[in-house]
Amino acid sequence: MKVIILVSCMLMSVAGFSQGKLPSVRVQEMNGKWIQSDKLSTPGKPLIVSFWATWCKPCVKELTAISDNLEEWQKETGVQLVAVSIDDSRSSSKVAPFVSGRGWDFKVVLDANGDLKRALNVINVPHTFLYDAEGNLVWQHTSYAEGDEAELYRKIKELTKK
Amino acid sequence: MKRRILTIIVLIGSVATFAQTTGHLSGNFQLDAQLYRTDSLIGAPKVDEKLLSNSYANFRYDFGKFSAGLRYEGYLNTLQGIDPKYDGVGVPYLFADYQTEDLGFTVGSFYEQFGSGLLLRSWEDKNLGVDNSINGVRVRSTPIKGIRITGLIGKQRQYFSLGKGLVRAFDGEISLNELIKSWNEKTTRLTLGGSFVSKYQKDEDPVYKLPENVGGWAPRIQLNRGGFSLSGEYARKVNDPSADNNFIYKPGEAMLLNASYSVNRLGINVTAKRVDNMSYRSDRAENLNKLLINYLPAISKNQIYSLMNIYPYSSQSKGEMGIQAELSYQLKRGSKIGGKYGTQVSLNFSAANSIVKNAINDTTPIGANGTLGYSSPFFKVGKDVYFRDLNIEISRKFSPKFKAILMGQHLKYNQLVMEGKGGMVKASVAVADLTWKPTDEQALRVELQGLWTKQDKGNWAMILAEYSISPHWFFAITDQWNYGNSDVGKRVHYIYGSIAYVRNANRIQFSSGKQREGILCVGGVCRNVPAMNGLTVSITSSF
């Protein structure tokens, strides 16, 4: 049994690595519409995917910090932001009023069943991913300390300089 | 089964090799290890092994529309507070999956949620020791644009094997806006759905004649128009005598209704819930978090601050009625009271009571085993208070360097119903969370918290100081002081320190000190975390 697992893992790694793309699983828009997660990106533009929950203070701080800078970042680099809420049915119905009550003006989707969370191997929130304009995963980061958004912006700038 | 899945994984792996195309391997790793010290004062028990650890590693391979993965889990031996029956190592989670937009199937382990989960939700939370994944087959299809169906059959995970019962489930959802062409662009959106779930477990009871097949169904609706949203789900199951309901033959039901309104800078949300005898497991003899098929969300606010979490609400599957209302508002930036950098206000109220239970006749006591149990009028609220929580949160950024969050809470907590001990606890909690950012990279955050109550363990005070240097370092020290305990000898300082280092998606944390006994809850599910004195190492990594 263990040997089979080892062999299969080896085979998979031999098959070669490509940079990760956004996987295609079902997530829900706040108006109830289901969409495939790979359709969240805008071709030709870098994309930030940030996992959060209404009960996660550092997540809310991170999104507020990104939100405060987003307009400027977008002018400079064209970057898009999608926030993926992992709130379950205890709080998922609160996400839309929570977002508008903070004046957040970016795309938010619901991942109540954790399909996207598992597909991207997220353990704890906040967890933030950065994809380049071709849709390749270039960077990911977990937890949030005040000022972390500066590192994120550096990574976005590096992409657009290339 | 396991062998078959492995064969599929190997096959996919080798196809990828021969085709010279590239797939993507990713995964994560998590380790929590604790070194325990006995501390009879706070009730930290003697741990014979001294060192315990839980570890998990997921590997996942994506190749076009295919994905396959597995999870290693090691409990050497299981951390305190998680069921020690996990002791050991294994690969309890293996799956292969093929998904296109109109057809998908999964073999092996999977997680699924129908509607809000009142009838079916399989999920995992490692901190709670919950994993009721279904191992079997799932098919998803979108035969026509706007119609989605899901069917599944399988058995639920129990430790490193599978539970006794069989779960069969079907769900259908119609999005009228996608189905009807002329509705495509309408701002009003209507979605209807329904699910049917049935479990099978052999009747081996010497006394009762138990139903072997227990079916349940749940219709649901969601309506959106502009900023308005209305949703509701009603679930009902046939009689299902179990250890949870003292073997009564009464059918179970649950209802969840939600209305919300969102416009720029304002959000309002109201939720109502009724639950009556709605525990639904694939093994009628099980208890706690084991082999649950459905999920009954607690509809109180998920509090974050430590002292607000001493008395958390958890769902009562035997019966409860509750309501929650929340308002979030952002004061206009640049206005006189809003300030230059904005002020945020949230107001939240939740309440939960018992349901009314009437005797079915003059001779049968309420809830007597082997009977219909009781009757309960649907719209009548019981008079026992289970929970009340009224809280307000104001957060304001005063300058680019200084932010503050102030929070006040008043709660009532029926400890007898929640924990089976004590009585009604009435408590008030106040929190000040202050952040000072002297430079772009450094921040000092201080939390001051107080809890005042005349019941249970009395008053608490807490201070936390956290210093962070972006993007790598966190240092924190906390003191929770039970200064109001009526037993003078138990007025303990729970001092706890931690250091964490983060690089990209890798994090390592060392912590040391005393942690109080408490209840850790996610959603409506809670577990009791025993008091601890010792050293903890936590590593998480995603790749």
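Just so you know, all these numbers are worked out from the coordinates, no wet-lab data involved. Source: prediction; values computed, not measured. Don't worry about glycine lacking a Cβ; one is built from the backbone with ideal geometry, like all the others, and counts go over all protein chains shown.
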Shape verdict for chain B, please, from the Cα gyration tensor: rounded (a/c under 1.5), prolate (a/b greater than b/c) or oblate. rounded
What's the Cα-based Rg to Rh of the protein assembly as shown, Rh via Kirkwood? 0.94
How long are the semi-axes of the equivalent ellipsoid of region A:41-84, taking √(5λ) for every eigenvalue λ of the Cα gyration tensor, in whole Å from largest down? 21, 13, 5
Provide the three semi-axes, in whole Å and in decreasing order, of the ellipsoid equivalent to region B:74-184 as defined by the square roots of 5 times the Cα gyration tensor eigenvalues. 34, 14, 12
What does the convex hull of the Cα atoms come to per residue for region B:173-274, in Å³? 109 Å³
Looking at region B:135-174, which trypsin sites (Lys or Arg not before Pro) are in a loop (DSSP not H, G, I, E or B) and have at most 13 other Cβ atoms within 10 Å? B:LYS145
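Take the eigenvalues of the Cα gyration tensor for region A:18-161, scale each by 5, and report the square roots as semi-axes in whole Å, largest first.
Working: eigenvalues 93, 62, 40 Å².
Ellipsoid semi-axes (Å, largest first): 22, 18, 14.
Extension gain B:PHE378-B:ILE304, at 0.36 nm per residue separation less the Cα-Cα distance, in nm?
Numbers: separation 74, 0.36 × 74 = 26.64 nm, distance 3.32 nm.
Here the answer is 23.3 nm.
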Long-range HN-HN contacts of B:GLN316 with modeled amide H, under 5 Å: none
Label-zone membership for region B:474-507, site B:LEU444, 7 angstrom Cα→C-beta point, backbone N under 12 Å: none
Can you work out ³J(HN,Hα) from phi for every residue in region B:318-327, in order, using Karplus 6.51 cos²θ - 1.76 cosθ + 1.60 and θ = phi - 60°, giving whole Hz and x for Gly and Pro? 6, x, 6, 10, x, 8, 9, 9, 9, 10
What are the chymotrypsin sites (Phe, Trp or Tyr not before Pro) within region B:264-344 that DSSP puts in a loop, where the Cβ has at most 16 other Cβ atoms within 10 Å? B:TYR341
Diffusion constant of region B:313-411 at 20 °C, which comes from Stokes-Einstein with the Kirkwood Cα-pair radius and 1.002 mPa s, µm²/s: 126 µm²/s
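Neighbour counts of other C-beta atoms within 10 Å: give me B:ILE293, B:ILE323, B:ILE539, A:ILE86 arranged from fewest to most.
Details: B:ILE293 27, B:ILE323 17, B:ILE539 14, A:ILE86 24.
Ranking B:ILE293, B:ILE323, B:ILE539, A:ILE86 by Cβ neighbours within 10 Å, fewest first, gives B:ILE539, B:ILE323, A:ILE86, B:ILE293.
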Low-density loop positions, trypsin sites (Lys or Arg not before Pro), region B:12-120 - DSSP coil, at most 11 other Cβ in 10 Å: B:LYS46
Which of the residue pairs A:LYS61/A:LYS157; A:LYS107/B:LYS412; B:LYS202/B:LYS383; B:LYS50/B:LYS437; B:LYS85/B:LYS318; A:LYS45/B:LYS126 have a Cα-Cα distance greater than 31 Å in the structure shown? A:LYS107/B:LYS412; B:LYS202/B:LYS383; B:LYS50/B:LYS437; A:LYS45/B:LYS126
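What average count of beta carbons from other chains do you get within 10 Å of the Cβ of residues in B:116-125?
Details: counts 6, 6, 1, 0, 0, 4, 1, 4, 2, 2.
If you average over the peptide's residues, the count of other-chain Cβ atoms is 3.
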Which cross-chain or sequence-distant (5 or more) residues have an amide H under 5 Å from the amide H of A:GLN80, H modelled 1.01 Å from N in plane? A:LEU47, A:ILE48
List the lysines whose Cα lies under 18 Å from the Cα of B:LYS490, skipping any in the same chain that are fewer than 8 positions away. B:LYS454, B:LYS457, B:LYS514
B:ARG37 versus B:LEU223, label points 7 Å from Cα toward the beta carbon: distance in nm? 6.2 nm
Amide N proximity, region B:213-232 versus B:LYS186 label position 7 Å along Cα-to-Cβ, cut-off under 14 Å: B:222-226
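How high is the relative contact order of chain A, in percent, with contacts defined as C-alpha pairs under 8 Å that are six or more residues apart?
So the answer I get is 30 percent.
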What is the set of long-range amide H partners of B:TYR374 at a cut-off below 5 Å, with H atoms built 1.01 Å from backbone N? B:GLY367
Over the alpha carbons of region A:51-129, what is the largest minus smallest coordinate on each principal axis, giving the biggest first in Å? 36, 28, 18
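What is the mean number of Cβ atoms from other protein chains located within 10 Å of the Cβ atom of each residue in peptide B:225-235, rounded to a whole number? The partial results should precede the final answer.
Numbers: counts 1, 1, 3, 0, 6, 0, 3, 0, 1, 0, 0.
Mean shielding count: 1.
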Across peptide A:137-143, what mean number of C-beta atoms from other chains lies inside 10 Å of a residue's C-beta? 5
Between A:SER89, A:SER41, A:SER143, where does the largest GNM mean-square fluctuation fall for chain A, given springs only between Cα atoms within less than 10 Å? A:SER89
